[in-house]
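The values are calculated or read from the model by the stated rules, or taken from the named source; none is laboratory data. For clarity, every value in this text was computed on a predicted model and none was experimentally measured. Every residue, glycine among them, receives a Cβ derived from its backbone with ideal geometry; neighbour counts consider all protein chains shown.
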Amino acid sequence: MKKKLLCALLALSMLFVLAACGGAPAENTDASETETSTPAEPSTPDDTAAPDEQAELSGETETNPEPADTPNEPTPAAPVEGAFKLGGTGPLTGGAAIYGNAAKNGAQIAVDEINASDSAVKFDLRYEDDAHDAEKAVNAYNALKDWGMQISLGSVTSKPAEATSAESFADNIFSLTPSASSPATIAGKDNVFQMCFSDPNQGTASAEYIGTQNLGSKIAVIWKSDDVYSKGIRDTFLEEADAQGLEVVSDQTFSDGNATDFSVQLNDAKTKEADLVFLPMYYEPASLILAQASAMGYAPKWFGVDGMDGILTMQGFDASLAEGVMLLTPFNADSSDEATAKFVAEYEKRFGEKPNQFAADGYDCVYAYCQALTAANATPDMDAATINGLMKEQFTTMTFHGLTGTESGLTWDETGAVSKSPKGMVITNGAYVGMD
Amino acid sequence: MKKSPFHFLTYILVIGAYAALQVLQARGELSATMRGMLVPICAYVVMAVSLNLTVGVLGELSLGHAGFMSVGAFLGTSTAIALQDAVPVPGVRLTIALIVAALFAALAGFLIGIPVLRLNGDYLAIVTLAFGEIIKAVFNNLYLGVDSRGVHISLLEDVTNTAKDGRLIIQGPMGIGGIQKISTFTAGFILIMISLIVIFNLVGSRAGRAIMAIRDNHIAAQSVGVNIIKYKMMAFVTSAALAGAAGALFAMNYSTVVANKFDFNTSILILVFVVLGGLGNMLGSIIAAAVLTILPEALRPIAEYRMLLYAVLLILMMLTANHPFVKGFFNRFRQTGQFQLQGDDEEKEAAA
């Protein structure tokens, strides 16, 4: 008898937990939420009572409708009335957190600027943490959907973006990712666009640069074997290097577990007399490689890609080691361009560090949305599917001028890829200088 | 052995929870977050009950359970992708994929079991940890392509030469991309039911008693003629097969899967479900897996502090579950009821 009681208790607790995340009474819906209609959901035909889901999480979000921000960040203004709900996921915690936070901070600056201006289009920005994991990214995306997201900033990193872009394609929510560069993010989805150039593009461009400018004849490549980004660039680099007649003498890998000691890879490059080392990776391992090469007296030319951006501002890194390093980046924080200078100053004021290209991409995404929504005469009471249709039309026809990219502006083709070409920079006296 | 009514209660609760969620979903009262988590919860529940078979019933600590999940996820998903044209019905394709995943994971469990099950206790735990990492490293470097000429496999480098009409399914560190989402909540529910039936029947059978005898005292079990390796292997392989099916179910709920997902942290997460739910207690594992999967999402409104709070809640739950008062409360039920699954040695002695 007692046992049955216990089991009933356990059963109740289980149901309670499941129900706690499930239903919430409809009267919890707050005013701003009732204005927006629900994202369409063709993927679940049995879902007949979609508007109810608006109320679902409100029980939880009620007490704290705005996502809490990092402590060093000023609390953003209360939700703007009649604003577009703009949502994004990114790694705000964990190993890749710098990228997620940079994109989020960049986007936040743009949103605050736009909301303070007389622009007709206002935004309500919300970023959710995905910890650089596809499973959590989908959860984060769903949480944003419950919030009533109308347009999406996709995900910051590639693998999570692949998962969330499939979802936003199925849900007809338009998505413009600041920095998810893998081709799979946009492949086969007509409403997913990129603000950054794709990985293969970078590999090819790097090899072309090295080939046409005769930067080296014997090339060594060190890359991270369990990283999509690194692998994607390295593969196309090798292809193009072949076409350019470059000799790749050393092709060495590392992975998450052994990303601290690079003596084996460097020695291999050194003994094979490589005069240029290509580093398709993010800047933390690259900084170690530069330091260790310097310690062993190996001084080839170094060539990095956009992940190298940020190395100069890295804490505890002797920036003189990066002297002469060449890299590809769409954004130069030291540029004398007026808009860039303003953004960099604002970013430094708020977050105490120089923005990297992820921040600039996030900033550009919001302004691109602003331009497209204004041009399409979109209003915040439209549902996500309607905005989706308008945005697809706008993005394939408009030209956008932002912090990243060239003078002539950016355009997008139907696949969602941006016409942005990587720019070669070389680090001279602790600053980027254009290579050509 | 008489079947415990406790088993039936577990079945009834699982069916009840499924029915309740289906009703809520049909009425549109489930949030998008909750709907999105239904399949992962099912997969984690199966992972937890299958690990409970190894840890709770067999009594061997395995720290590489995510490895079997990985085997199932990759090979099951590859099967589903390869059969995309041949088997157009998603349900049938999913079933085939889950069976293939379970078979391959069972094979992996068998091969790993040969050296591992000769060890005991901490040594076994460390070796399973290593195997989990090895499986991760293999899938991080595996390339598998399917075309009209058959299946091509290569390691480290993509030299599969998959023809244009085919498709490179597993792409090393990039894992599998472009997966059709064919996992459904109903499939997950059926998988949980099958897992429970398999485990309860195994535990209630003659073999199950042998397995528990090994757990309680393997020397005594050996002295009365129990074939230790055979019964250990039986539990270990069953556990691996169920984990494989869970992995395939999990992977086909997302459009992409990478090997790094199934790392040591995932193994530990599953172990946490088992320990929190109670060793040998399947219903406990089910509840713990569901609660701990939902918890981080339910804590989302507090943003940065959620993982901190999650950890604190986890510690509190562990402390509460081990508190003498709570333990005494539960033990009262154990002694009156037929909780044969509770693997608590001291208590057995106390009862004797």
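Does region A:152-165 contain any residue that is over 21 Å from A:Val366 (Cβ atoms) and without any contact (Cβ under 8 Å) to a residue 40 or more places away in the chain? Scanning region A:152-165 turns up at least one residue that is over 21 Å from A:Val366 (Cβ atoms) and without any contact (Cβ under 8 Å) to a residue 40 or more places away in the chain.
Applying the set (1) surrounded by fewer than 24 Cβ atoms within 10 Å (Cβ to Cβ); (2) in contact with a strand residue (DSSP E or B) (Cβ under 9 Å, 6 or more places away or on another chain) to B:Leu111 leaves exactly one unmet item: (2).
State whether the residues of region A:186-199 include one that is over 22 Å from B:Tyr254 (Cβ atoms), at pLDDT below 85 and within 14 Å of chain B (Cβ to nearest Cβ). No, that holds for no residue. Screening region B:273-310 for residues that are in a helix (DSSP H, G or I) and small (Gly, Ala, Ser) and picking the one that is nearest to the other protein chains (Cβ to nearest Cβ) gives B:Ala303.
Please tell me if A:Gly216 is in a loop (DSSP other than H, G, I, E, B) and either surrounded by fewer than 18 Cβ atoms within 10 Å (Cβ to Cβ) or hydrophobic (A, V, I, L, M, F, W, C) (or both). In short, no. Candidates B:Ile182, B:Ile194, B:Ile199, B:Ile214: the one that is in contact with a Lys or Arg (Cβ under 9 Å, 6 or more places away or on another chain), at pLDDT 85 or above and away from every other protein chain (no Cβ under 14 Å) is B:Ile214. Among the candidates A:Gly211, A:Gly232, A:Gly245, the residue that is touching a residue at least 24 places away in the same chain (Cβ under 8 Å) and within 14 Å of chain B (Cβ to nearest Cβ) is uniquely A:Gly232. For A:Thr177, are the conditions met, namely being more than 14 Å from the chain's Cα centre (by Cα), away from chain B (no Cβ under 14 Å) and of a type outside the set (Asp, Glu)? So A:Thr177 fails the test.
Does A:Val138 fit the bill of being surrounded by 24 or more Cβ atoms within 10 Å (Cβ to Cβ) and β-branched (Val, Ile, Thr)? Yes. Quick check, is B:Val49 surrounded by 17 or more Cβ atoms within 10 Å (Cβ to Cβ), at pLDDT 90 or above and under 30 Å from B:Asp216 (Cβ atoms)? Answer is yes for this residue. Considering each residue of region B:276-291 in turn, at least one proves to be among the aliphatic types (A, V, I, L, M), farther than 30 Å from B:Arg209 by Cα, surrounded by fewer than 23 Cβ atoms within 10 Å (Cβ to Cβ) and modelled with pLDDT of 85 or more.
Consider A:Asp190 carefully, then state whether it is surrounded by fewer than 24 Cβ atoms within 10 Å (Cβ to Cβ), touching a residue at least 60 places away in the same chain (Cβ under 8 Å) and of a type in the set (D, E, K, R). For A:Asp190, the condition - surrounded by fewer than 24 Cβ atoms within 10 Å (Cβ to Cβ), touching a residue at least 60 places away in the same chain (Cβ under 8 Å) and of a type in the set (D, E, K, R) - is met.
Residues in region A:134-162 that are of a type in the set (D, E, K, R) and more than 7 Å from chain B (Cβ to nearest Cβ): A:Lys136 only.
Whenever a residue of region B:134-152 is of a type in the set (S, T, N, Q), its partners that are surrounded by fewer than 19 Cβ atoms within 10 Å (Cβ to Cβ), lying with C-beta atoms within less than 6 angstrom and at least six residues away or across chains, give the pairs B:Asn141/B:Leu155; B:Asn141/B:Leu156; B:Ser148/B:Asp165. When region B:232-271 is filtered for residues that are away from every other protein chain (no Cβ under 14 Å), over 14 Å from B:Val46 (Cα atoms) and either surrounded by fewer than 24 Cβ atoms within 10 Å (Cβ to Cβ) or in contact with a Phe, Trp or Tyr (Cβ under 7 Å, 6 or more places away or on another chain) (or both), the ones remaining, listed by number, are B:Met233, B:Met234, B:Val237, B:Ile268.
Scoring B:Asp158 on the criteria (1) surrounded by 13 or more Cβ atoms within 10 Å (Cβ to Cβ); (2) more than 25 Å from A:Glu239 (Cα to Cα); (3) at pLDDT below 80 leaves a single failure, condition (2). Return the only residue of A:Pro380, A:Pro355 being in contact (Cβ under 8 Å) with a residue 12 or more places away in the chain, in the same structural domain as A:Ala180 (by TED's automatic domain parsing), crowded, with 22+ Cβ neighbours inside 10 Å and of a type outside the set (Val, Ile, Thr). So the residue among A:Pro380, A:Pro355 that is in contact (Cβ under 8 Å) with a residue 12 or more places away in the chain, in the same structural domain as A:Ala180 (by TED's automatic domain parsing), crowded, with 22+ Cβ neighbours inside 10 Å and of a type outside the set (Val, Ile, Thr) is A:Pro355.
Let's see how each residue does on (1) within 12 Å of A:Val366 (Cβ to Cβ); (2) touching a residue at least 12 places away in the same chain (Cβ under 8 Å); (3) outside any helix (DSSP H, G or I):
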| site | (1), (2), (3) |
| --- | --- |
| A:Lys85 | no, yes, yes |
| A:Thr89 | no, yes, yes |
| A:Gly100 | no, yes, no |
| A:Asn105 | yes, yes, no |
| A:Ile109 | yes, yes, no |
| A:Asn115 | yes, yes, no |
| A:Glu128 | no, yes, yes |
